[in-house]
Amino acid sequence: MLDLAGSLAPRQGYNSTGLRDVRLLRTEAVLTDVPVLYKAGAVFVLQGRKQGVLGGEAYVYDEDHYLAVAVPAPFRMESAASPEKPLLAVYVEFDMTLVAEIVSALESQQTNIATQAKSLISSRMEPEIEDVVLRLLKALMSPAETTVLGKSILRELHYRILVGPQGSAMVAALSQKGMSGRTTQSLARLSESFCSEISIAALAGDAGMSVPSYHAHFKALTGTSPMQYVKAMRLHQARVLLARQDRTIAEVALSVGYVSPAQFSRDFKRHFRRTAAEEVRWVRQHLGEIRSDQ
């Protein structure tokens with residue numbers, strides 16, 4: 001599997017594949033206390049080690065464990081790699097239409113349902129998951145196999161994750177039912193409007209909750225408050241925009257919802273531990289092409 005991953009990820013940073021929702025990362029960088037905000041999906045580390053911390057809980061994803069993300073949640077990450085042993089990882093972004101279809105099927109069978117929703121899970125790489133990831137990498141080596149088999153392999157991978165050892169916690173987060181479902185729906189709406197003016201009272205009302213109840217359910221799922229979550233989304237989106245485009249910091253700050261570029265610069269440095277200009281140089285050097293912040 002390592003040989004396949006190495007062939008598919010010849011360059012430092014993120015490497016695109018024949019499937020839009022699958023990328024491979026190769027990096028020699030050792031990272032400590034880095035803020036990340038993954039989109040819903042899964043990360044399979046084939047060589048090296050990563051660890052995320054959310055709400056005081058550690059989530060290891062390494063050669064024996066994978067990380068699955070039900071809903072985007074800002075957390076801090078560290079990783080181990082070296083020139084002799086670069087970190088190699090497969091990033092799969094979930095197809096949320098497919099996820100909804102699988103969750104609905106699982107709910108109709110009353111299978112794998114939990115009451116405790118989680119935004120992140122770290123699970124052991126079981127043989128069924130390892131087999132699907134291996135077949136995915138093999139298919140990606142051939143344009144014909146990618147076209148013919150890619151989507152069906154990804155479908156199976158979605159299913160295996162959702163019925164895995166901790167898949168029930170993801171199903172609870174992704175379900176349209178109960179308080180967790182309402183909170184997840186609110187997060188989806190927030191991801192489309194975070195650049196605009198945000199009213200927590202309006203978000204709570206849309207979710208059918210009081211403001212205190214909304215705060216409690218939001219923090220239980222994401223590990224942070226609604227406004228801190230909005231700030232993280234704005235800063236991570238700004239990071240992507242700055243790394244991709246030749247726009248000024250002031251222009252990007254305004255585009256993600258900041259009124260004051262000076263406040264944006266202060267928040268950015270506090271969050272990433274680097275100025276915006278320093279962070280852009282680091283991203284371009286170590287991550288290369290980025291579509292989302294990972």
Could you grab the relative contact order for the range 85-189? Cα pairs under 8 Å, six or more apart, rounded to a whole percent. 36
To the nearest 500 deg cm²/dmol, what mean residue ellipticity at 222 nm is calculated for the chain from DSSP H runs of n ≥ 4 alone, each contributing -39,500 (n - 2.57), summed and divided by the residues? -15500 deg cm²/dmol
Would you list Ile200, Ile129 from fewest to most Cβ contacts within 10 Å? Ile200, Ile129
Can you tell which of Gln12, Gln237, Gln109 shows the greatest fluctuation in a Gaussian network model of the chain with Cα springs below 10 Å? Gln109
GluC sites (Glu not before Pro) restricted to DSSP loop in the range 1-105 with at most 12 other C-beta within 10 Å: Glu84
Report the normalised scattering of the range 2-173 as log10 I(q)/I(0) at q = 0.11, 0.12 Å⁻¹, calculated by the Debye formula with identical scatterers on the alpha carbons. -0.44, -0.52
Using θ = phi - 60° and the Karplus form 6.51 cos²θ - 1.76 cosθ + 1.60, what ³J(HN,Hα) does each residue of the range 243-257 get, whole Hz, x for Gly and Pro? 6, 8, 10, 9, 10, 6, 4, 5, 5, 5, 4, 5, 5, 9, x
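Sorting Asp95, Asp206 on the 10 Å Cβ count, fewest up front, what's the list? Intermediate values should be presented prior to the final figure.
On the way: Asp95 18, Asp206 15.
Sorted ascending by nearby Cβ count, the order is Asp206, Asp95.
Any of Lys39/Lys269; Lys39/Lys138; Lys118/Lys219; Lys118/Lys231; Lys50/Lys269; Lys39/Lys118 with alpha carbons more than 18 Å apart? Name them for me. Could you put the intermediate results ahead of the total?
Numbers: Lys39/Lys269 22 Å; Lys39/Lys138 25 Å; Lys118/Lys219 11 Å; Lys118/Lys231 21 Å; Lys50/Lys269 23 Å; Lys39/Lys118 14 Å.
Beyond 18 Å between Cα atoms: Lys39/Lys269; Lys39/Lys138; Lys118/Lys231; Lys50/Lys269.
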Contact order relative to length for the chain, counting C-alpha pairs under 8 Å separated by 6 or more residues, stands in percent at 19
Spatial separation of Cα centroids for the range 30-71 and the range 178-228, in angstrom: 24
Rounded to a whole number of µm²/s, how large is the Stokes-Einstein D of the range 176-223 at 37 °C and 0.692 mPa s, given Rh as the Kirkwood radius over C-alpha pairs? 308
May I ask you to evaluate 6.51 cos²θ - 1.76 cosθ + 1.60, the Karplus curve with θ = phi - 60°, for each residue of the range 61-77 and list the ³J(HN,Hα) values in order in whole Hz, giving x for glycine and proline? 10, 9, 5, 10, 9, 10, 10, 10, 10, 7, 9, x, 9, x, 9, 9, 10
Residue by residue through the range 44-49, the couplings from Karplus 6.51 cos²θ - 1.76 cosθ + 1.60 with θ = phi - 60°, in Hz, x for Gly and Pro, are 10, 8, 8, 8, x, 7
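Jot down the per residue volume, in cubic angstrom and as a whole number, of the convex hull over the alpha-carbon atoms of the range 116-233.
Details: hull volume 15.4 nm³, N = 118.
Convex hull of Cα atoms, per residue: 131 Å³.
Just need the relative contact order of the range 2-173 here, percent rounded to a whole number, with Cα pairs under 8 Å and 6+ apart. Let's see the in-between values first.
Details: 350 pairs, mean separation 43.0, N = 172.
Reported relative contact order: 25 percent.
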By Cβ neighbour count within 10 Å, fewest first, Thr183, Thr27, Thr147 rank Thr147, Thr27, Thr183
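Values quoted throughout were computed directly from the atomic coordinates according to the rules given, and no laboratory measurement underlies them. If you're wondering where the values come from, they're calculated on a predicted model, not measured in any experiment. Note: ideal-geometry Cβ built from the backbone for every residue, glycine included; neighbour counts use all protein chains shown.
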